[in-house]
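Before any comments, here is the structure.
The values are calculated or read from the model by the stated rules, or taken from the named source; none is laboratory data. Just so we're clear, the structure is a prediction, and the values are computed from it rather than from any experiment. Please note: Cβ atoms are built from the backbone with ideal geometry, for glycine as well, and neighbour counts cover all protein chains shown. Heads up: the accessible areas ignore ligands, DNA and RNA and are worked out on the full protein's heavy atoms, side chains in. Shrake-Rupley method; radii C 1.70, N 1.55, O 1.52, S 1.80 Å.
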Amino acid sequence: MIKLDNIEKVYRTSRVETVALMNINLEVKEGEFISIMGPSGCGKSTLLNLMGLLDAPTKGQLLINGKEITSYKDKYLANLRNQEIGFIFQSFHLVNDLSVLDNVEIPLLYRKISSSQRRQMALKALEHVGLTARIYHFPSQLSGGQQQRVAIARAIVGRPKILLADEPTGNLDSKMGEEVMNLLVGLNEEKTTIVMVTHDKRMAERTKRIVRIFDGRQVG
Amino acid sequence: MIKQLFKIVWNRKKANFLIMMEVLISFLVVFLVMVSSIYFTDIYMYPLGYSYKDVWAVQIDTGAYNPEADKLKEQEIAKKIMQAAKDFPEVEALAGINVIPFDNNEWRTGFEFAGKSYSPAINYVTDELPEVLDIKLLEGRWFNKEDDAISETPVVINQALSRELYGSESAVGKVFESGLKSKKVYKVVGLVSDFRDDGELAELKSYMFQRNNLSSTDTEKMLLVDHFIIKLRPGTPAALEEKLVKTFTSIAKDWSFNIEALEDIRYKRMKSTLTPILTASIVAVFLMIMVALGLSGVLWQSVTQRIKEIGLRRAKGATQGKIYYQILGELLVITSIALFVGTIIVIQIPLLGFLNFVSIKVYVITLLISWAIIALLTVICGLYPSSIAANIPPAEALHYE
Ligand SMILES: Nc1ncnc2c1ncn2[C@@H]1O[C@H](COP(=O)(O)OP(=O)(O)O)[C@@H](O)[C@H]1O
Ligand SMILES: [Mg+2]
């Protein structure tokens, strides 16, 4: 599904050079549920961003769904992000000016889909996360857990094969975190490949494999 | 996509209201600046109706006003002076005129016609005026000896007055009554396009010439001449002025004379008109710069506030182009609304009785140009922050604070 080959990421600003990732070799197989653990600042988010094509590696080779990323041109990446990947963030990243339904429809705006079909798919995704009653609410009217469920609906609405989640429960209390985790486990049981960054050992234990990063290097 | 555009513009109405107000104020400023500059450009383009090249004006000062003075005798001396001027080989033509072109004074006459009152500018001139100022008649003829025989007072009018009095009908041959006690009757003998004696930057006005017959002894038909103008051979040196004054003083020792080229009078007049216009232009340029800065500031802020949203959209599959067009599209919607409101406001101005001197043509041209300027300004001011925002890598945009 995802294969990282000798990946390296260096952040260069005018003065400092930060080596965020060094020599990463990792293969995520279809149907896996992997959690990435490690101390703060060790490069977990950087790794997930590279997998999600939100950033380009400094060195190394990347394969998504068997497709080798040969170009980092905007159009090509945008299409891959849209078709193959669903992203979930710690801080939800909902658009506050849009209703729950409109937020979930966002990925579909960048596909050639009729508005009625768009709505149908969004409603189905919202049903999946149990928020059918809230579709006309705005993000500010929802609890954190509900907001993250909207974000999950938005991530799965385009039916991507891969879900990337960066500390999806990091901003939630344990009960709400539990709900979100249950959803992810359920999605994985329905054959969605998931890579999740987490700090929480109990969450990590519910996944099938744990990858540990320390100071930009893979340690297990 | 269009529906999405309106939806997000509507949902962000609070923030967009600010931008809209900025665009609206910018539009009003641009409109007011434009309406005055286009107004002046427009009237500047209208023909002057005469040529002031190589023409000098002579002013006769007979000293302190004396009611006892023998008018006819004074007139005889004035005529002698005019004859002396004509005798100079450099002088090609000479005409008596009451109001000198570009000179800052004006005579008006008032009368009633078909139940309406009119007050055109009036100038008392002699038969030779067209030769001195190269005036072309559109219709009819200029004053000449034929007029000695007719009982009415002959006049030549400009097109503006002709239109006011007779609409599209030909004015030549028509008569109308003066507003004077004598109930003098004017007869239109000729039509000129215009005679803009206040210069190229003055408002257009209705105008009439009345014949001044210097050989008449009837003071109704003859007005004392205290100015005349002379057409000189091209290339006549300024030194002639002194010779002329010397000759004139030898004829009338107690009088004094002032000679000035029309070109110089025009220059002085132009300068006094242009000074306030230039001051206003500097203020206008300053205002436009403020408007552009204000607009780009507001747009810049509105884009930076949305960098996270832009990052999110790109993470979900939006290309840079899509982001670009979304922001520009939103801007277009907001600008259109602001321009719509602005246009409604601007249309109220003449309805409320302001800016009435501006013609509908100038008004419409100003509107079109102001729309274009504002559209261009918003696109330019919006383009730059949009392109910067669209170019931030999504991973970075998502963490933008
Ligand atoms: N855009 C960036 N520019 C410069 N340095 C960055 C940037 N993003 C992350 N880093 C640095 O890279 C390292 C890894 O960051 P990150 O992947 O966010 O860690 P984690 O998610 O494990 O906490 C950190 O030292 C961080 O400061
Ligand atoms: Mg992180």
Considering only residues of the range B:60-88 that are acidic (Asp, Glu) and in a helix (DSSP H, G or I), which is surrounded by the most Cβ atoms within 10 Å (Cβ to Cβ)? B:74
Can you pull out the residues in the range B:25-61 that are more than 21 Å from the chain's Cα centre (by Cα) and aromatic (Phe, Trp, Tyr)? B:27, B:56
For residues that are more than 9 Å from ligand 2 (Cβ to nearest atom) and hydroxyl-bearing (Ser, Thr, Tyr), scanning just the range A:29-65, find the one that is farthest from residue A:184 (Cα to Cα). A:58
Within the range B:327-343, is even one residue within 25 Å of residue A:55 (Cα to Cα) and either in contact with a Ser or Thr (Cβ under 6 Å, 6 or more places away or on another chain) or assigned to a loop (DSSP other than H, G, I, E, B) (or both)? yes
Residue within the range A:81-91 that is closer than 22 Å to residue A:185 by Cα, within 16 Å of ligand 2 (Cβ to nearest atom) and open to solvent by 30 Å² or more (accessible area, probe 1.4 Å) present: yes
From the list B:117, B:182, pick out the single residue that is open to solvent by 30 Å² or more (accessible area, probe 1.4 Å), assigned to a loop (DSSP other than H, G, I, E, B), of a type outside the set (Phe, Trp, Tyr) and modelled with pLDDT under 95. B:182
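Residues checked against (1) open to solvent by less than 50 Å² (accessible area, probe 1.4 Å); (2) not small (Gly, Ala, Ser):
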| site | (1), (2) |
| --- | --- |
| B:138 | no, yes |
| B:156 | yes, yes |
| B:160 | yes, no |
| B:168 | no, no |
| B:176 | yes, yes |
| B:186 | yes, yes |
| B:191 | yes, yes |
| B:194 | yes, yes |
| B:198 | yes, yes |
Just to be sure I understand, how many residues within the range A:1-49 are among the polar types (S, T, N, Q), surrounded by 12 or more Cβ atoms within 10 Å (Cβ to Cβ) and closer than 17 Å to residue A:197 by Cβ? 4
Suppose we keep only residues that are among the hydrophobic types (A, V, I, L, M, F, W, C), within 14 Å of chain A (Cβ to nearest Cβ) and surrounded by 19 or more Cβ atoms within 10 Å (Cβ to Cβ) within the range B:350-396. Which one would you say is farthest from residue B:31 (Cα to Cα)? B:395
Of the residues B:251, B:334, B:289, B:310, which single one is in contact with a Lys or Arg (Cβ under 6 Å, 6 or more places away or on another chain) and modelled with pLDDT under 95? B:251
Take the residues of the range A:114-136 that are part of a loop (DSSP other than H, G, I, E, B) and either away from chain B (no Cβ under 14 Å) or buried (at least 16 other Cβ atoms within 10 Å of the Cβ) (or both): which is nearest to the chain's Cα centre (by Cα)? A:129
Give me a count of the residues in the range B:129-147 that are out of contact with any helix residue (DSSP H, G or I) (no Cβ under 9 Å at 6 or more places or on another chain) and assigned to a loop (DSSP other than H, G, I, E, B). 3
Could you tell me which of the residues A:204, A:151 is small (Gly, Ala, Ser), within 18 Å of residue B:316 (Cβ to Cβ) and open to solvent by less than 10 Å² (accessible area, probe 1.4 Å)? A:151
Since residue B:14 meets every condition but one in (1) of a type in the set (D, E, K, R); (2) under 30 Å from residue B:328 (Cβ atoms); (3) at pLDDT 90 or above, which condition does it not meet? (3)
Those residues that are touching a residue at least 40 places away in the same chain (Cβ under 8 Å) and exposed (fewer than 15 other Cβ atoms within 10 Å of the Cβ), I need them from the range B:140-154; list them, please. B:148
Find the residue count for the range B:3-38, including only residues that are of a type in the set (D, E, K, R) and farther than 23 Å from residue B:305 by Cα. 0
Within the range B:306-326, which residues are open to solvent by 20 Å² or more (accessible area, probe 1.4 Å) and either assigned to a helix (DSSP H, G or I) or within 7 Å of chain A (Cβ to nearest Cβ) (or both)? B:308, B:309, B:319, B:320, B:321, B:322, B:324, B:325, B:326
Restricting the range A:153-186 to residues that are within 13 Å of chain B (Cβ to nearest Cβ) and assigned to a helix (DSSP H, G or I), which is nearest to ligand 1 (Cβ to nearest atom)? A:155
Mind checking whether some residue in the range B:196-215 is free of Cβ contacts under 8 Å to residues at least 24 places away in the same chain and over 21 Å from residue B:127 (Cβ atoms)? no
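Within the range B:45-59, can one find any residue that is part of a helix (DSSP H, G or I), at pLDDT 90 or above and in contact with a strand residue (DSSP E or B) (Cβ under 8 Å, 6 or more places away or on another chain)?
Among the residues of the range B:45-59, not one is part of a helix (DSSP H, G or I), at pLDDT 90 or above and in contact with a strand residue (DSSP E or B) (Cβ under 8 Å, 6 or more places away or on another chain), which makes the answer no.
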